Amino acid sequence: MNKDNCIGCGVCDAVCPHDAIDMIYTKYKEIQPKIIDERCVDHCTICVKFCPFTEKNITQEAIKVAKTSKANSFGLEDAKYFISYDKRNEKRIKSASGGVVTELALYMVENKIVDAVIHADMLEAKNGEMHYHASISRSLDEIESKRSSFYAPISFEKVLKEFINKEDKILFIGVPCVVRAVNELFKKSKLYKKNNIFTIALSCSHNVNGQFIDF
């Protein structure tokens, strides 16, 4: 498996029917999949099918973009834009991007539009250790406590597995490449497709590795 394009999202692990993948935090402060050979018995390649960053999938997307007359707005032809922020200074000062994503998450849980929010939570850690991890919030207090965007690779496989064969309504918050992978997972995998998922994509930090957070 070529891991050069891996974003460490954990979707391959979340969809593997044989539990043959572990997501490892490497010495280079990156998250990458490790194949457990004795469990990968039939080489079903389901992990590859759901990875959006195989060479084949990247090439196919690049060809689509190249064929359009407006490459810079590819996929955004029908998009609408607005600028917003939380007017409460005490809330906005705790947020990285104006606090709007947190307010949307709070609104969706309070009004029972979703049952749970999958997003990042900060960890107190030493240099060289993980500083953020994926988490599930089901209450307003939990969401409020996790304000602020994150700029580090995060693997979501453990929290995603909580929704296998469930019929929950979920808000997923992540960077665009991870959102893309998770959308495909919930749309196409028989393990997850009974759930109803909403997504919010944060501005991309190019999936910086853990050294960025250490310093």
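Here are a few things to note about the model shown:
- Some residue of the range 180-202 being touching a helix residue (DSSP H, G or I) at 6+ places or on another chain (Cβ under 7 Å), among the acidic types (D, E) and open to solvent by less than 40 Å² (accessible area, probe 1.4 Å): no
- Positions within the range 84-116 being open to solvent by 70 Å² or more (accessible area, probe 1.4 Å), in contact (Cβ under 8 Å) with a residue 24 or more places away in the chain and part of a helix (DSSP H, G or I), in sequence order: L104, E110
- Residue within the range 124-147 that is at pLDDT below 95, over 16 Å from I7 (Cβ atoms) and of a type in the set (A, V, I, L, M, F, W, C) present: yes
- Screening P153 against (1) free of Cβ contacts under 8 Å to residues at least 24 places away in the same chain; (2) closer than 30 Å to A79 by Cβ; (3) open to solvent by less than 70 Å² (accessible area, probe 1.4 Å) leaves a single unmet condition, (1).
- Remark: pairs (first residue in the range 131-144, farther than 23 Å from N111 by Cα and among the hydroxyl-bearing types (S, T, Y); second residue open to solvent by less than 70 Å² (accessible area, probe 1.4 Å) and in a strand (DSSP E or B); Cβ separation under 9 Å; 6+ apart in sequence or on different chains) = Y132/A120; Y132/D121.
- For the range 176-193, the condition holds for no residue, the condition being that it is touching a strand residue (DSSP E or B) at 6+ places or on another chain (Cβ under 7 Å), hydrophobic (A, V, I, L, M, F, W, C), closer than 25 Å to K91 by Cβ and modelled with pLDDT of 95 or more.
- Residue-level check: of (1) open to solvent by less than 60 Å² (accessible area, probe 1.4 Å); (2) within 20 Å of the chain's Cα centre (by Cα); (3) farther than 21 Å from L185 by Cβ; (4) without any contact (Cβ under 8 Å) to a residue 24 or more places away in the chain, K29 misses just (4).
- Condition met for I36 (open to solvent by less than 30 Å² (accessible area, probe 1.4 Å), without any contact (Cβ under 8 Å) to a residue 40 or more places away in the chain and in contact with a strand residue (DSSP E or B) (Cβ under 7 Å, 6 or more places away or on another chain)): yes
- Selected residue [open to solvent by 30 Å² or more (accessible area, probe 1.4 Å) and touching a strand residue (DSSP E or B) at 6+ places or on another chain (Cβ under 9 Å)] from D168, D141: D168
- When I24, I58 are screened for being open to solvent by less than 80 Å² (accessible area, probe 1.4 Å), at pLDDT 85 or above, among the β-branched types (V, I, T) and not in a helix (DSSP H, G or I), only I24 passes.
The values are calculated or read from the model by the stated rules, or taken from the named source; none is laboratory data. In this text, all values refer to a predicted model and were calculated from it rather than measured experimentally. Using ideal geometry, Cβ is built from the backbone for each residue, glycine included, and neighbour counts are taken over all protein chains shown. These accessible areas exclude ligands, DNA and RNA; they are computed on the full protein's heavy atoms, side chains included. Shrake-Rupley method; radii C 1.70, N 1.55, O 1.52, S 1.80 Å.
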